[in-house]
Structures are given as C-alpha cells and as structure tokens.
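Working notes, structure below.
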Amino acid sequence: MMTCIPRPDFDDHAACDPVLLEVAQILAGTPLFSGLRPDDLLRLAAGCRREHYDKGNILFHKGDPCHGFYLALEGQIKLAFISQDGNQKVVEIIRPGQTFGEAVMFMERPYMLMAQALTDCRLLHIAKDAVFAELARDPQMCRKLIAGLSMRLHHLIGDLEAHSLRSGRERIIGYLLREEEMAGPVATAGAVTIRLPTHKGTIASRLNLTQEHFSRILHELVDEGLVVVQGRLIHVPDIGRLRAGLV
C-alpha cells in the first residue's frame, strides 16, 4: 500500500493536461515528493512516463544505462545479482510506493544489478534530467533524496547484521513478523494469517538461505505448531508465541 500523504491543491491547474495532472498527483502522494508545490510537481511529471511489465519481464539488466529512477505503483519487482552460472541473489523486493534506482542515477553509472517483475507491474519512470533540474531549484528535495537513500542504507546494514548474526530460523521468523506488521495493525497475540508476497525460493534468496534450508525450517516451525503452511498462506495460531521465538 502506498503511504497516505496530504495532497497539494491542484484546483488552479484544472485546465492542465489531465494525464500530466494525474501523474503530478501520484508524485504528490509519495514521501519523496511530498511538500513540493503543484508547479514543481507538474514540471517533474513532464519528465515521467508510465511503464507496464508483465510477470517475468526484465526491467533492466546489469550494465544497462540508467536514465532515471522508478516509483512502483502496482505489483512487485525483484532486484538481484546473477552469477556467471545463473544463480541469483535477491537483494530487495520492491513494493508499491517504493522507489529504486536513485543511487545509480546519482552515480551516473550503469545498473549494478537486474530488475524483474515478480507480478504484473505498473511503474512510473522519473527521468534523470527532470530530477536534476528540480534539485537545482529546491534544496528541500535534495534533503529528502538524501534521507531516502540514507534510510535504504540503514535497512541494508540491518539486513547484513541479521544475515551475519542470526540463525536461519531467526531470519525466517523475523521475516514473517515484518510481513505481518506491514499488513496492518500489529497483533500482540492470537491467530493471524500472513500471505507471502512471492514464491519461497525468492524469499529464501532474500534471506540469504538456500530454498532447501528455508523449507526445512518451515517444516520445523510446522512440527512445533508455530505455523501452518498452505501454499503462500502462512497461518500463525498464536503470533505472540511466534514472536517469542526471536527472544
């Protein structure tokens, strides 16, 4: 779900191109661009294009030139490294409301990994030239971009710590708890159902586990009565008891 953010008033721009106006309103609803004036958003929207990818489509490969960055509107995108023998290491799973590609855009280097649609996706591509022009006009946007990149770095450091210091069991329980938190109000006890956003092999790679290790730990959690697995649905009889597994 995209974060709900107060929108600026576009009433004075009702005569604008409706497509451009709609894109500006989408940008206004994202944390990165919140606080920009309608005129600024409309200028930025002029440098955007909508893109659609079917499940399995590649958005870009490692080494492709970067001409801007993306805002996910619908669906999920996998960011991954691919080894010479074809094995993948999933770095991140992008969801609606998230952006990606900003760091490479600022470095003015080719993409360092690949992006693939895990589901049918709708995206907004925001051109580098449009972003740089707005950064020159508005220092506040510079601070927001730096804050966004810093937050992503913070999450990556957290992932590195978890993958280095936590057991596979702790990684999986922690992942399930984060998915439950993202789904809505956090439950402290009782039964909950968690829907995995993608297939288990992709999640295993994201957690730096083999698919076999991931499946074995899930079976152990089932045997202990902590979860019930039904395809991509994970039923948790008592979320409080599962949370205690991290203590």
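The values are calculated or read from the model by the stated rules, or taken from the named source; none is laboratory data. Bear in mind the structure is a predicted one, so any value in this text is a computation, not a measurement. As a convention, Cβ positions derive from the backbone with ideal geometry for all residues, glycine included, and neighbour counts pool all protein chains shown. Areas reflect the complete protein model, heavy atoms only, side chains present, ligands, DNA and RNA absent. Shrake-Rupley method; radii C 1.70, N 1.55, O 1.52, S 1.80 Å.
Remarks
- Label-to-label distance for ALA147 and GLN84 is 4.5 nm, based on points extended 7 Å past Cα in the beta-carbon direction.
- VAL23, VAL228, reordered so the largest accessible area comes first (probe 1.4 Å): VAL228, VAL23
- Solvent-accessible area, 1.4 Å probe, carbon plus sulfur percent, for the stretch 1-158: 57
- Every helix of 4 or more DSSP H residues in the chain counts as -39500 (n - 2.57), and over all residues that averages to -13000 deg cm²/dmol at 222 nm.
- In a fully extended conformation the segment linking ARG232 and SER167 would gain 21.2 nm over its present Cα-Cα distance, using 0.36 nm per residue.
- Here the calculated FRET efficiency for ARG178 and GLN25, from their Cβ-Cβ distance with R0 = 41 Å, stands at 0.85, rounded to the nearest 0.05.
- Computed from label points 7 Å out along Cα-Cβ, the spacing between LYS200 and GLN140 is 4.9 nm.
- Annotation for HIS213 and MET107: the two label points, set 7 Å from Cα along the Cα-Cβ direction, are 2.6 nm apart.
- Among the GluC sites (Glu not before Pro) within the stretch 99-176, those in coil by DSSP and having at most 15 neighbouring Cβ atoms inside 10 Å are GLU108.
- Net charge of the neighbourhood of MET141, taken over other residues with C-beta under 13 Å away and scored Lys/Arg +1, Asp/Glu -1, is +1.
- The Cβ shell under 10 Å around VAL90 holds other residues with a net charge of +2, Lys and Arg each +1, Asp and Glu each -1.
- The stretch 126-173: translational diffusion in µm²/s, Stokes-Einstein, Kirkwood Rh over Cα pairs, 10 °C, 1.306 mPa s: 122
- Backbone N under 15 Å from the ASP223 label point (7 Å along Cα→Cβ), restricted to the stretch 160-176: 169
- Members of LYS55/LYS200; LYS62/LYS144; LYS62/LYS128; LYS128/LYS200; LYS62/LYS89; LYS89/LYS200 lying beyond 23 Å, as alpha-carbon distances in this model show: LYS62/LYS144; LYS128/LYS200
- Where the chain is the region considered: accessible area per residue in Å², 1.4 Å probe: 54
- Protein-only accessible surface order, largest first, of ASP159, ASP17 at 1.4 Å: ASP17, ASP159
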